[in-house]
Amino acid sequence: LATWVFLATADSSEAWAAMAKKAVASARARTSLKHIVCVFRGSKDAALARWFEAAGVEVLYHDKPAWAPRVSQALATDAGRSNIQFSPLYASAAALTATFLRVDIPMLLDPTKHGEVVLYADADLVFLRDVRREDFGSGADPAYFTMGAEFAEPPIYGNAGVMLLNLEGLRKTYDQFVDWTFSEANVQRGLHF
């Protein structure tokens with residue numbers, strides 16, 4: 001894998017920013033990644049964005065995704081207000097929008113530059129070595145995406161914080177995926193999947 005992509009926002013806490021900086025430093029020191037890319041929500045003047053750029057991170061500014069109003073609508077529903085029981089992200093449209101930025105990654109990265117398959121991982125990690133495709137199991141690259149498991153024991157469900165993304169496959173289905181993700185039925189469920 002040549003590319004690691006992650007998300008960040010200008011309003012990240014100091015503790016989260018410190019963690020992300022350590023993740024970037026560990027990727028530089030312990031991997032052969034050619035591209036470290038941050039999809040950033042916030043101003044180019046934000047201190048965290050400036051730090052990333054100085055550290056050689058490719059920062060892609062993405063403040064106004066077309067689907068962002070649907071997140072606010074979802075949180076205004078009864079389901080959206082009650083979904084805070086599942087995650088504190090449901091308390092804030094800004095936080096939930098930042099989480100959903102990963103939906104736009106296939107449209108923001110260039111497969112000819114970054115590779116057809118890229119690693120997405122949240123920045124709350126430390127790289128100890130290169131992440132290999134086979135770390136996600138044997139077989140062919142995913143047609144769209146594959147994700148890590150949250151737990152090794154049942155119930156096993158996916159963790160969208162560690163994924164392999166097939167940029168070409170996801171680009172082909174982007175419009176349909178966005179339409180379904182932010183459909184009226186899913187908005188009425190408060191975007192809880």
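The values are calculated or read from the model by the stated rules, or taken from the named source; none is laboratory data. Please read all numbers here as calculations on a predicted model, not as lab measurements. Note: ideal-geometry Cβ built from the backbone for every residue, glycine included; neighbour counts use all protein chains shown. Quick note on the areas: whole protein, heavy atoms, side chains included, nothing else; ligands and nucleic acids left out. Shrake-Rupley method; radii C 1.70, N 1.55, O 1.52, S 1.80 Å.
Some points to look at:
- Test for Phe151: is it open to solvent by 40 Å² or more (accessible area, probe 1.4 Å) and over 16 Å from Arg133 (Cβ atoms): yes
- Qualifying residues in region 73-94 (those that are closer than 29 Å to Leu164 by Cβ and touching a residue at least 60 places away in the same chain (Cβ under 8 Å)) - the one most open to solvent (accessible area, probe 1.4 Å): Phe86
- When the test is whether a residue is within 17 Å of the chain's Cα centre (by Cα) and either under 21 Å from Tyr90 (Cβ atoms) or surrounded by fewer than 18 Cβ atoms within 10 Å (Cβ to Cβ) (or both), Arg171 passes it.
- Subset of region 67-97 (residues that are within 13 Å of Thr181 (Cα to Cα), β-branched (Val, Ile, Thr) and at pLDDT 95 or above): Val71
- Residues located in region 133-148, provided they are of a type outside the set (Ser, Thr, Tyr), exposed (fewer than 12 other Cβ atoms within 10 Å of the Cβ) and part of a loop (DSSP other than H, G, I, E, B): Gly137, Gly139, Ala140
- Scanning region 174-190 for residues that are open to solvent by less than 70 Å² (accessible area, probe 1.4 Å) and in contact with a Leu (Cβ under 8 Å, 6 or more places away or on another chain) gives Thr181, Phe182, Gly190.
- Those residues of region 120-132 which are of a type in the set (D, E, K, R) and open to solvent by less than 90 Å² (accessible area, probe 1.4 Å), in sequence order: Asp122, Asp130
- Here Lys44 clears all of (1) open to solvent by 60 Å² or more (accessible area, probe 1.4 Å); (2) closer than 26 Å to Asp130 by Cα; (3) touching a residue at least 12 places away in the same chain (Cβ under 8 Å); (4) of a type outside the set (Ser, Thr, Tyr) except the condition numbered (2).
- Among (1) under 22 Å from Phe6 (Cβ atoms); (2) in a loop (DSSP other than H, G, I, E, B) - the single one His192 does not satisfy: (1)
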